[in-house]
Amino acid sequence: MSLKFINKLKNEQKRVVGLGFPSISTNFGDFPIDIAAEIGCEIHLIKAIKEFLKLHKEFDFKLILTEQDSKVLNVFELKWKEIKDDLEDFKFQTKKGNLLQLKSDLRIECRFIVVETTWRMKPGTNQLSKQIFDALGSKLHEELKRLYPKPGIVGEAYPVKVPKDSDLHKSEGIEQIIFVVSPNMNPSRPDPVSLEKAKELLKKTYDSILNAFWELTNGQEYRSITTIKDNVQEVSAFDILMKSASKPSSKISPESSRRTPSKVGSGGWNNVLLPYCQKPEMFPKSEVYYYDNEFVIIFDKYPKAKNHLLVIPRKQIDNIGELKKQNLELVRALKEKGQWVIEKMKQENPKLFFRMGFHAVPSLRQLHMHVISQDFISPSLKNKKHWNSFTTEFFIDVEEIERILEKQGEVKFNKAYYEDLLKSPLKCHLCDAKSIKFIPDLKKHLEEHWNES
DNA sequence: GTTCTAGAAC
DNA sequence: GTTCTAGAAC
(Lines give C-alpha, C1' and ligand atoms only; values in the text may rest on other atoms or scores of the structure.)
Protein backbone atom coordinates (compact mmCIF):
# COMPACT_ATOMS: atom_id res chain seq x y z
CA MET A 1 0.00 0.00 0.00
CA SER A 2 2.60 2.51 1.10
CA LEU A 3 4.88 1.59 -1.78
CA LYS A 4 2.09 2.28 -4.22
CA PHE A 5 1.55 5.65 -2.62
CA ILE A 6 5.23 6.57 -2.84
CA ASN A 7 5.31 5.60 -6.50
CA LYS A 8 2.28 7.75 -7.15
CA LEU A 9 3.96 10.69 -5.46
CA LYS A 10 7.12 10.17 -7.51
CA ASN A 11 5.14 10.24 -10.72
CA GLU A 12 3.41 13.43 -9.78
CA GLN A 13 6.64 15.12 -8.83
CA LYS A 14 8.35 14.24 -12.07
CA ARG A 15 8.12 17.31 -14.24
CA VAL A 16 7.54 16.50 -17.86
CA VAL A 17 8.82 19.24 -20.15
CA GLY A 18 6.03 20.59 -22.30
CA LEU A 19 6.09 22.30 -25.68
CA GLY A 20 2.88 23.99 -26.76
CA PHE A 21 2.49 24.97 -30.39
CA PRO A 22 -0.13 25.90 -32.94
CA SER A 23 -0.76 24.37 -36.30
CA ILE A 24 1.76 26.31 -38.36
CA SER A 25 0.55 28.17 -41.42
CA THR A 26 -2.97 26.78 -41.41
CA ASN A 27 -4.60 29.99 -40.23
CA PHE A 28 -5.67 33.16 -41.93
CA GLY A 29 -5.74 32.09 -45.50
CA ASP A 30 -2.24 30.74 -45.86
CA PHE A 31 -3.39 27.14 -45.73
CA PRO A 32 -7.10 27.01 -44.87
CA ILE A 33 -7.46 23.77 -42.96
CA ASP A 34 -9.61 22.02 -45.57
CA ILE A 35 -7.02 22.64 -48.23
CA ALA A 36 -4.24 21.90 -45.78
CA ALA A 37 -5.72 18.49 -45.06
CA GLU A 38 -6.33 17.83 -48.71
CA ILE A 39 -2.75 18.52 -49.72
CA GLY A 40 -1.41 16.72 -46.64
CA CYS A 41 -0.03 19.61 -44.61
CA GLU A 42 -0.43 17.80 -41.33
CA ILE A 43 1.78 14.99 -42.53
CA HIS A 44 4.80 17.28 -42.22
CA LEU A 45 4.20 17.85 -38.55
CA ILE A 46 3.50 14.20 -37.86
CA LYS A 47 6.62 13.16 -39.76
CA ALA A 48 8.75 15.62 -37.83
CA ILE A 49 7.28 14.42 -34.54
CA LYS A 50 7.77 10.79 -35.44
CA GLU A 51 11.43 11.30 -36.24
CA PHE A 52 11.87 13.33 -33.08
CA LEU A 53 10.20 10.71 -30.87
CA LYS A 54 12.31 7.94 -32.34
CA LEU A 55 15.47 9.96 -31.82
CA HIS A 56 14.74 11.00 -28.23
CA LYS A 57 12.91 8.05 -26.72
CA GLU A 58 14.44 8.57 -23.30
CA PHE A 59 13.49 12.24 -23.16
CA ASP A 60 10.52 12.92 -20.90
CA PHE A 61 8.48 15.50 -22.73
CA LYS A 62 5.10 16.20 -24.19
CA LEU A 63 4.16 18.04 -27.35
CA ILE A 64 0.82 19.83 -27.13
CA LEU A 65 -0.75 20.98 -30.36
CA THR A 66 -3.23 23.69 -29.41
CA GLU A 67 -5.84 25.37 -31.55
CA GLN A 68 -9.18 27.01 -30.89
CA ASP A 69 -10.75 25.13 -33.77
CA SER A 70 -11.33 21.44 -33.08
CA LYS A 71 -11.74 20.86 -36.80
CA VAL A 72 -8.06 21.67 -37.23
CA LEU A 73 -7.12 19.35 -34.39
CA ASN A 74 -9.17 16.51 -35.84
CA VAL A 75 -7.19 16.59 -39.04
CA PHE A 76 -3.94 16.16 -37.11
CA GLU A 77 -5.35 13.53 -34.77
CA LEU A 78 -6.54 11.39 -37.66
CA LYS A 79 -3.19 11.56 -39.39
CA TRP A 80 -1.34 10.84 -36.15
CA LYS A 81 -3.41 7.71 -35.52
CA GLU A 82 -2.78 6.61 -39.05
CA ILE A 83 1.00 6.65 -38.92
CA LYS A 84 2.09 6.76 -35.29
CA ASP A 85 3.01 3.03 -35.15
CA ASP A 86 4.02 2.08 -31.64
CA LEU A 87 4.94 5.57 -30.48
CA GLU A 88 3.76 6.71 -27.09
CA ASP A 89 0.53 8.64 -27.28
CA PHE A 90 0.96 10.93 -24.31
CA LYS A 91 4.02 12.51 -25.88
CA PHE A 92 1.90 14.08 -28.58
CA GLN A 93 -1.52 15.43 -27.70
CA THR A 94 -3.94 17.85 -29.27
CA LYS A 95 -5.86 20.27 -27.05
CA LYS A 96 -8.57 22.72 -27.89
CA GLY A 97 -7.83 26.01 -26.22
CA ASN A 98 -5.65 29.10 -26.08
CA LEU A 99 -1.92 28.46 -26.15
CA LEU A 100 -1.36 31.35 -23.74
CA GLN A 101 -3.74 29.96 -21.14
CA LEU A 102 -2.93 26.26 -21.19
CA LYS A 103 -2.12 26.17 -17.50
CA SER A 104 -4.98 28.30 -16.19
CA ASP A 105 -7.60 26.76 -18.47
CA LEU A 106 -6.49 23.16 -18.88
CA ARG A 107 -3.87 22.70 -16.14
CA ILE A 108 -1.28 21.77 -18.73
CA GLU A 109 2.08 23.37 -18.11
CA CYS A 110 4.29 24.09 -21.09
CA ARG A 111 7.63 25.71 -20.41
CA PHE A 112 8.00 26.38 -24.11
CA ILE A 113 5.50 27.62 -26.62
CA VAL A 114 5.72 28.34 -30.33
CA VAL A 115 4.40 31.52 -31.91
CA GLU A 116 4.39 32.53 -35.56
CA THR A 117 5.89 35.84 -36.51
CA THR A 118 6.93 37.74 -39.63
CA TRP A 119 10.40 38.04 -41.13
CA ARG A 120 10.63 41.43 -39.41
CA MET A 121 10.05 39.72 -36.06
CA LYS A 122 6.86 41.66 -35.55
CA PRO A 123 3.31 40.58 -34.75
CA GLY A 124 2.11 38.44 -37.64
CA THR A 125 -1.35 38.39 -39.07
CA ASN A 126 -2.61 35.94 -36.49
CA GLN A 127 -4.29 36.53 -33.16
CA LEU A 128 -1.77 34.62 -31.10
CA SER A 129 1.26 36.65 -32.09
CA LYS A 130 -0.66 39.85 -31.48
CA GLN A 131 -1.57 38.66 -28.00
CA ILE A 132 2.04 37.79 -27.23
CA PHE A 133 3.40 41.12 -28.35
CA ASP A 134 0.62 42.85 -26.40
CA ALA A 135 1.35 40.85 -23.28
CA LEU A 136 5.10 41.42 -23.28
CA GLY A 137 5.19 44.92 -24.75
CA SER A 138 8.32 46.77 -25.77
CA LYS A 139 10.62 44.45 -23.81
CA LEU A 140 9.94 41.71 -26.31
CA HIS A 141 10.61 43.95 -29.31
CA GLU A 142 13.93 45.05 -27.82
CA GLU A 143 15.01 41.53 -26.94
CA LEU A 144 14.16 40.24 -30.40
CA LYS A 145 16.08 43.09 -32.01
CA ARG A 146 19.09 42.44 -29.80
CA LEU A 147 19.15 38.66 -30.37
CA TYR A 148 18.18 38.63 -34.01
CA PRO A 149 19.17 41.86 -35.73
CA LYS A 150 18.89 40.32 -39.19
CA PRO A 151 15.63 39.50 -40.94
CA GLY A 152 14.11 36.18 -39.99
CA ILE A 153 14.26 33.28 -42.43
CA VAL A 154 11.29 31.13 -43.26
CA GLY A 155 11.53 27.75 -41.57
CA GLU A 156 13.90 28.90 -38.84
CA ALA A 157 13.20 29.01 -35.09
CA TYR A 158 14.04 32.00 -32.86
CA PRO A 159 13.75 31.36 -29.11
CA VAL A 160 13.34 34.24 -26.66
CA LYS A 161 13.20 34.09 -22.87
CA VAL A 162 10.02 35.27 -21.19
CA PRO A 163 10.72 37.88 -18.45
CA LYS A 164 10.37 36.25 -15.01
CA ASP A 165 8.17 39.05 -13.71
CA SER A 166 5.64 38.75 -16.52
CA ASP A 167 2.22 37.16 -15.99
CA LEU A 168 2.98 34.73 -18.76
CA HIS A 169 5.91 33.38 -16.76
CA LYS A 170 4.40 33.68 -13.29
CA SER A 171 0.91 32.35 -13.81
CA GLU A 172 1.26 30.25 -16.97
CA GLY A 173 4.75 28.89 -16.37
CA ILE A 174 5.90 29.80 -19.86
CA GLU A 175 9.68 30.25 -19.82
CA GLN A 176 10.55 30.65 -23.46
CA ILE A 177 8.79 31.47 -26.66
CA ILE A 178 10.09 29.93 -29.84
CA PHE A 179 9.23 32.29 -32.67
CA VAL A 180 9.06 30.90 -36.15
CA VAL A 181 8.75 32.54 -39.50
CA SER A 182 6.25 30.29 -41.18
CA PRO A 183 5.84 29.81 -44.93
CA ASN A 184 3.35 32.11 -46.58
CA MET A 185 1.19 31.25 -49.57
CA ASN A 186 -1.06 34.23 -49.29
CA PRO A 187 -0.40 36.44 -52.35
CA SER A 188 -1.47 39.56 -50.52
CA ARG A 189 1.36 39.16 -48.03
CA PRO A 190 5.08 39.54 -48.73
CA ASP A 191 7.04 36.75 -50.42
CA PRO A 192 4.35 34.20 -51.18
CA VAL A 193 5.79 30.85 -52.20
CA SER A 194 4.56 28.00 -54.39
CA LEU A 195 2.65 25.09 -52.94
CA GLU A 196 5.55 22.67 -53.34
CA LYS A 197 8.01 25.08 -51.77
CA ALA A 198 5.60 25.82 -48.93
CA LYS A 199 5.20 22.16 -48.06
CA GLU A 200 8.96 21.71 -47.97
CA LEU A 201 9.32 24.79 -45.77
CA LEU A 202 6.59 23.58 -43.46
CA LYS A 203 8.50 20.42 -42.67
CA LYS A 204 11.61 22.51 -42.13
CA THR A 205 9.72 24.78 -39.75
CA TYR A 206 8.54 21.85 -37.64
CA ASP A 207 12.04 20.34 -37.65
CA SER A 208 13.49 23.65 -36.47
CA ILE A 209 10.91 23.92 -33.69
CA LEU A 210 11.66 20.45 -32.38
CA ASN A 211 15.42 20.95 -32.69
CA ALA A 212 15.21 24.20 -30.75
CA PHE A 213 13.05 22.51 -28.11
CA TRP A 214 15.54 19.67 -27.75
CA GLU A 215 18.56 21.91 -27.48
CA LEU A 216 16.93 24.36 -25.10
CA THR A 217 15.82 21.63 -22.72
CA ASN A 218 19.27 20.12 -22.76
CA GLY A 219 20.95 23.30 -21.66
CA GLN A 220 22.48 24.17 -24.99
CA GLU A 221 21.88 27.65 -26.22
CA TYR A 222 19.90 27.24 -29.40
CA ARG A 223 21.54 29.11 -32.22
CA SER A 224 19.63 29.77 -35.33
CA ILE A 225 21.80 29.27 -38.40
CA THR A 226 21.33 32.91 -39.37
CA THR A 227 23.31 33.98 -36.33
CA ILE A 228 26.18 31.74 -37.31
CA LYS A 229 26.53 32.18 -41.05
CA ASP A 230 26.08 35.20 -43.19
CA ASN A 231 25.50 33.48 -46.47
CA VAL A 232 21.93 32.55 -45.74
CA GLN A 233 21.07 31.22 -49.17
CA GLU A 234 23.84 28.68 -49.13
CA VAL A 235 23.18 27.46 -45.63
CA SER A 236 19.46 27.02 -46.15
CA ALA A 237 19.92 25.06 -49.31
CA PHE A 238 22.57 22.92 -47.70
CA ASP A 239 20.38 22.39 -44.66
CA ILE A 240 17.44 21.23 -46.74
CA LEU A 241 19.67 18.97 -48.77
CA MET A 242 21.12 17.38 -45.64
CA LYS A 243 17.75 16.78 -44.11
CA SER A 244 16.30 15.10 -47.15
CA ALA A 245 19.46 13.05 -47.66
CA SER A 246 19.62 11.75 -44.11
CA LYS A 247 16.22 10.21 -43.89
CA PRO A 248 16.81 6.48 -43.60
CA SER A 249 13.72 5.96 -41.47
CA SER A 250 11.48 4.82 -44.30
CA LYS A 251 14.04 2.51 -45.81
CA ILE A 252 14.05 -1.09 -44.74
CA SER A 253 17.42 -2.52 -43.88
CA PRO A 254 18.45 -5.54 -45.92
CA GLU A 255 18.58 -7.55 -42.71
CA SER A 256 14.92 -7.05 -41.91
CA SER A 257 13.69 -7.35 -45.48
CA ARG A 258 15.19 -10.83 -45.61
CA ARG A 259 12.57 -11.93 -43.14
CA THR A 260 9.65 -13.87 -44.46
CA PRO A 261 6.48 -11.77 -44.46
CA SER A 262 4.61 -11.82 -41.18
CA LYS A 263 1.72 -14.20 -40.86
CA VAL A 264 -0.08 -12.00 -38.38
CA GLY A 265 -1.29 -8.71 -39.76
CA SER A 266 0.99 -6.33 -41.59
CA GLY A 267 1.49 -3.65 -38.96
CA GLY A 268 4.75 -5.21 -37.87
CA TRP A 269 3.98 -5.14 -34.16
CA ASN A 270 5.20 -8.69 -33.87
CA ASN A 271 8.64 -7.61 -35.11
CA VAL A 272 9.32 -5.11 -32.34
CA LEU A 273 12.13 -7.16 -30.82
CA LEU A 274 14.25 -7.21 -33.98
CA PRO A 275 15.76 -3.73 -33.70
CA TYR A 276 17.10 -4.59 -30.25
CA CYS A 277 19.06 -7.46 -31.76
CA GLN A 278 20.26 -5.49 -34.76
CA LYS A 279 21.26 -2.26 -33.03
CA PRO A 280 21.12 -2.53 -29.23
CA GLU A 281 23.43 0.46 -28.92
CA MET A 282 20.70 2.68 -30.35
CA PHE A 283 18.48 2.29 -27.32
CA PRO A 284 18.58 4.10 -23.98
CA LYS A 285 19.53 2.36 -20.76
CA SER A 286 15.93 2.50 -19.68
CA GLU A 287 15.15 -0.03 -22.42
CA VAL A 288 18.31 -2.08 -22.91
CA TYR A 289 19.71 -3.42 -19.65
CA TYR A 290 22.69 -5.18 -21.16
CA TYR A 291 24.10 -6.33 -24.48
CA ASP A 292 27.13 -8.08 -25.90
CA ASN A 293 27.90 -9.69 -29.26
CA GLU A 294 25.57 -12.61 -28.62
CA PHE A 295 22.80 -11.44 -26.31
CA VAL A 296 20.59 -8.47 -25.51
CA ILE A 297 18.70 -8.09 -22.26
CA ILE A 298 15.84 -5.62 -22.35
CA PHE A 299 13.16 -4.50 -19.95
CA ASP A 300 9.79 -5.80 -21.08
CA LYS A 301 7.89 -2.80 -22.41
CA TYR A 302 4.75 -3.90 -20.58
CA PRO A 303 6.12 -5.65 -17.50
CA LYS A 304 3.74 -8.09 -15.89
CA ALA A 305 5.56 -7.97 -12.53
CA LYS A 306 7.84 -5.69 -10.53
CA ASN A 307 10.77 -7.07 -12.52
CA HIS A 308 10.27 -8.41 -16.00
CA LEU A 309 13.08 -8.66 -18.53
CA LEU A 310 13.69 -10.48 -21.78
CA VAL A 311 16.93 -12.27 -22.57
CA ILE A 312 17.31 -12.42 -26.34
CA PRO A 313 19.94 -14.05 -28.55
CA ARG A 314 21.06 -11.60 -31.25
CA LYS A 315 21.31 -14.39 -33.81
CA GLN A 316 18.16 -14.63 -35.89
CA ILE A 317 15.96 -17.37 -34.39
CA ASP A 318 12.23 -16.93 -34.66
CA ASN A 319 11.01 -19.08 -31.78
CA ILE A 320 11.54 -22.25 -29.74
CA GLY A 321 10.15 -24.29 -32.65
CA GLU A 322 13.34 -23.55 -34.60
CA LEU A 323 15.65 -24.93 -31.92
CA LYS A 324 17.59 -28.10 -32.61
CA LYS A 325 19.86 -30.25 -30.47
CA GLN A 326 22.87 -28.23 -31.55
CA ASN A 327 21.25 -25.15 -29.99
CA LEU A 328 21.49 -26.66 -26.49
CA GLU A 329 24.57 -24.59 -25.88
CA LEU A 330 22.68 -21.43 -26.76
CA VAL A 331 19.82 -22.32 -24.43
CA ARG A 332 22.29 -22.92 -21.60
CA ALA A 333 23.93 -19.58 -22.32
CA LEU A 334 20.51 -17.89 -22.17
CA LYS A 335 19.91 -19.53 -18.81
CA GLU A 336 23.27 -18.33 -17.55
CA LYS A 337 22.55 -14.75 -18.63
CA GLY A 338 19.14 -15.02 -16.97
CA GLN A 339 20.67 -16.19 -13.71
CA TRP A 340 23.09 -13.30 -13.84
CA VAL A 341 20.21 -10.81 -14.23
CA ILE A 342 18.27 -12.43 -11.40
CA GLU A 343 21.25 -11.99 -9.08
CA LYS A 344 21.47 -8.33 -10.07
CA MET A 345 17.77 -7.78 -9.49
CA LYS A 346 17.84 -9.55 -6.14
CA GLN A 347 20.57 -7.21 -4.98
CA GLU A 348 18.11 -4.37 -5.51
CA ASN A 349 15.19 -6.13 -3.89
CA PRO A 350 15.94 -9.35 -1.95
CA LYS A 351 12.21 -10.04 -1.49
CA LEU A 352 11.85 -10.94 -5.15
CA PHE A 353 12.05 -14.45 -6.54
CA PHE A 354 12.01 -15.37 -10.21
CA ARG A 355 11.17 -17.81 -12.92
CA MET A 356 12.73 -17.85 -16.34
CA GLY A 357 11.27 -19.46 -19.39
CA PHE A 358 9.34 -19.22 -22.61
CA HIS A 359 5.79 -18.87 -23.78
CA ALA A 360 4.64 -22.05 -25.52
CA VAL A 361 3.05 -19.91 -28.25
CA PRO A 362 4.85 -16.56 -28.31
CA SER A 363 3.25 -13.46 -29.84
CA LEU A 364 6.48 -11.73 -30.77
CA ARG A 365 9.02 -12.97 -33.23
CA GLN A 366 12.63 -13.62 -32.24
CA LEU A 367 13.34 -16.14 -29.53
CA HIS A 368 13.07 -14.45 -26.15
CA MET A 369 13.33 -15.82 -22.63
CA HIS A 370 11.26 -14.13 -19.96
CA VAL A 371 12.90 -13.41 -16.63
CA ILE A 372 10.03 -12.44 -14.39
CA SER A 373 9.60 -11.91 -10.67
CA GLN A 374 6.75 -13.88 -9.14
CA ASP A 375 4.91 -11.02 -7.44
CA PHE A 376 2.99 -10.22 -10.62
CA ILE A 377 2.26 -6.78 -9.30
CA SER A 378 2.12 -4.44 -12.27
CA PRO A 379 -0.37 -2.12 -13.97
CA SER A 380 0.38 -3.88 -17.26
CA LEU A 381 -1.05 -7.16 -16.03
CA LYS A 382 -4.60 -6.60 -17.17
CA ASN A 383 -6.34 -9.75 -18.28
CA LYS A 384 -6.73 -13.49 -18.03
CA LYS A 385 -4.39 -14.14 -20.94
CA HIS A 386 -1.60 -12.17 -19.26
CA TRP A 387 -2.04 -14.12 -16.06
CA ASN A 388 -2.34 -17.56 -17.56
CA SER A 389 0.59 -17.05 -19.90
CA PHE A 390 2.91 -16.87 -16.88
CA THR A 391 1.24 -19.15 -14.36
CA THR A 392 -0.01 -22.17 -16.30
CA GLU A 393 1.83 -24.80 -18.33
CA PHE A 394 1.84 -22.17 -21.07
CA PHE A 395 4.97 -20.86 -19.37
CA ILE A 396 7.78 -23.33 -19.93
CA ASP A 397 10.83 -23.12 -17.71
CA VAL A 398 14.15 -22.96 -19.50
CA GLU A 399 15.19 -26.23 -17.81
CA GLU A 400 12.19 -27.92 -19.41
CA ILE A 401 13.27 -26.72 -22.84
CA GLU A 402 16.73 -28.13 -22.13
CA ARG A 403 15.26 -31.53 -21.22
CA ILE A 404 13.05 -31.63 -24.31
CA LEU A 405 15.95 -30.73 -26.60
CA GLU A 406 18.16 -33.39 -25.02
CA LYS A 407 15.50 -36.06 -25.32
CA GLN A 408 13.73 -35.22 -28.57
CA GLY A 409 16.14 -32.91 -30.36
CA GLU A 410 13.39 -30.39 -31.10
CA VAL A 411 10.53 -28.54 -29.43
CA LYS A 412 7.15 -29.18 -31.00
CA PHE A 413 4.00 -28.07 -29.21
CA ASN A 414 0.31 -28.53 -29.87
CA LYS A 415 -0.64 -24.91 -30.44
CA ALA A 416 -4.37 -25.36 -29.84
CA TYR A 417 -3.82 -27.10 -26.53
CA TYR A 418 -1.61 -24.36 -25.20
CA GLU A 419 -3.81 -21.57 -26.48
CA ASP A 420 -6.72 -23.15 -24.65
CA LEU A 421 -4.74 -22.92 -21.42
CA LEU A 422 -4.88 -19.14 -21.70
CA LYS A 423 -8.61 -19.34 -21.12
CA SER A 424 -8.31 -21.37 -17.89
CA PRO A 425 -10.05 -20.02 -14.78
CA LEU A 426 -7.89 -17.69 -12.69
CA LYS A 427 -5.95 -19.40 -9.97
CA CYS A 428 -3.42 -18.05 -7.50
CA HIS A 429 0.07 -19.39 -8.23
CA LEU A 430 1.10 -19.29 -4.56
CA CYS A 431 -1.76 -20.67 -2.53
CA ASP A 432 -4.84 -22.85 -2.77
CA ALA A 433 -7.19 -19.93 -2.44
CA LYS A 434 -10.51 -20.75 -4.02
CA SER A 435 -10.41 -19.83 -7.66
CA ILE A 436 -10.71 -16.11 -8.11
CA LYS A 437 -13.22 -14.91 -10.63
CA PHE A 438 -12.00 -11.48 -11.66
CA ILE A 439 -8.67 -9.87 -12.40
CA PRO A 440 -9.16 -6.96 -9.97
CA ASP A 441 -9.77 -9.46 -7.16
CA LEU A 442 -6.69 -11.42 -8.18
CA LYS A 443 -4.62 -8.24 -8.13
CA LYS A 444 -5.78 -7.46 -4.59
CA HIS A 445 -4.95 -11.02 -3.57
CA LEU A 446 -1.45 -10.66 -5.05
CA GLU A 447 -0.89 -7.44 -3.12
CA GLU A 448 -1.71 -9.33 0.07
CA HIS A 449 0.84 -12.02 -0.75
CA TRP A 450 3.43 -9.35 -1.42
CA ASN A 451 2.76 -7.51 1.81
CA GLU A 452 2.97 -10.73 3.79
CA SER A 453 6.26 -11.81 2.21
C1' DG B 1 2.02 -7.42 -28.13
C1' DT B 2 -1.81 -3.30 -26.97
C1' DT B 3 -6.00 -0.60 -27.56
C1' DC B 4 -10.71 -0.09 -28.43
C1' DT B 5 -15.34 -1.20 -27.80
C1' DA B 6 -19.79 -3.81 -27.96
C1' DG B 7 -22.38 -6.28 -25.23
C1' DA B 8 -22.62 -9.75 -21.47
C1' DA B 9 -22.52 -10.13 -16.54
C1' DC B 10 -23.09 -8.20 -12.38
C1' DG C 1 -25.46 2.09 -14.22
C1' DT C 2 -20.93 0.05 -13.90
C1' DT C 3 -17.57 -3.65 -14.43
C1' DC C 4 -15.60 -7.07 -17.08
C1' DT C 5 -14.61 -10.01 -21.07
C1' DA C 6 -13.55 -11.24 -25.60
C1' DG C 7 -12.80 -10.32 -30.23
C1' DA C 8 -11.39 -7.19 -34.02
C1' DA C 9 -8.24 -3.75 -35.46
C1' DC C 10 -3.89 -1.99 -35.36
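Note down, for the range A:15-170, the three equivalent ellipsoid semi-axes (square root of 5 times each alpha carbon gyration tensor eigenvalue), biggest first, whole angstrom.
On the way: eigenvalues 133, 72, 48 Å².
Semi-axis lengths for the range A:15-170 are 26, 19, 15 Å.
Tell me, what % of the accessible area of the range A:268-452 is carbon and sulfur with a 1.4 angstrom probe?
Details: 5070 of 9910 Å².
That share works out to 51 percent.
Could you work out how far apart the two model spin labels at A:Glu142 and A:Lys444 are, taking each label as a point 7 Å from the Cα in the direction of the beta carbon, and quote it in nm?
6.4
Is the shape of the range A:280-423 rounded, prolate or oblate, going by the alpha carbon gyration tensor and its root eigenvalues a ≥ b ≥ c, with a/c under 1.5 for rounded and a/b larger than b/c for prolate? All intermediate terms of the calculation are to be shown ahead of the outcome.
Numbers: a/c = 1.59, a/b = 1.12, b/c = 1.42.
Since a/c reaches 1.5 but b/c is at least a/b, the shape of the range A:280-423 is classed as oblate.
Looking at this model, which pairs from A:Lys81/A:Lys204; A:Lys279/A:Lys324; A:Lys62/A:Lys279; A:Lys279/A:Lys306; A:Lys304/A:Lys382; A:Lys47/A:Lys315 are more than 20 angstrom apart at the alpha-carbon? Don't skip to the end; give the middle numbers.
Values: A:Lys81/A:Lys204 22 Å; A:Lys279/A:Lys324 26 Å; A:Lys62/A:Lys279 26 Å; A:Lys279/A:Lys306 26 Å; A:Lys304/A:Lys382 9 Å; A:Lys47/A:Lys315 32 Å.
Pairs exceeding 20 Å: A:Lys81/A:Lys204; A:Lys279/A:Lys324; A:Lys62/A:Lys279; A:Lys279/A:Lys306; A:Lys47/A:Lys315.
If you take every DSSP beta bridge fully contained in the range A:72-224, what fraction is antiparallel? Give it as a percent rounded to 5. Don't jump to the answer; show the numbers that get you there.
Numbers: 6 of 12 bridges.
For the range A:72-224, the DSSP antiparallel bridge percentage is about 50.
Name the shape class, rounded, prolate or oblate, that the alpha-carbon gyration tensor gives for the range A:379-439, where a ≥ b ≥ c are the square roots of its eigenvalues, rounded holds for a/c under 1.5, and otherwise prolate holds if a/b is larger than b/c and oblate otherwise. Walk me through the intermediate numbers first.
Values: a/c = 2.53, a/b = 2.06, b/c = 1.23.
Here the range A:379-439 falls in the prolate category.
Leaving out ligands and nucleic acids, note down the accessible area per residue over the range A:268-452 with a 1.4 angstrom probe, in whole Å². If you can, show how the numbers build up before the last one.
Details: 9910 Å² over 185 residues.
In whole numbers, the range A:268-452 has 54 Å² accessible per residue.
May I have the convex hull volume per residue, in Å³, for the Cα set of the range A:90-217? Present the calculation step by step, with values, prior to reporting the outcome.
Details: hull volume 15.3 nm³, N = 128.
In the range A:90-217, the Cα hull volume divided by residue count equals 119 Å³.
The values are calculated or read from the model by the stated rules, or taken from the named source; none is laboratory data. None of the values given here were measured: they were computed from a predicted structure. With ideal geometry, Cβ positions are generated from the backbone for all residues, glycine too; neighbour counts draw on all protein chains shown. Just so you know, the surface numbers come from the protein's heavy atoms only, side chains and all, with ligands and any DNA or RNA stripped out. Shrake-Rupley method; radii C 1.70, N 1.55, O 1.52, S 1.80 Å.
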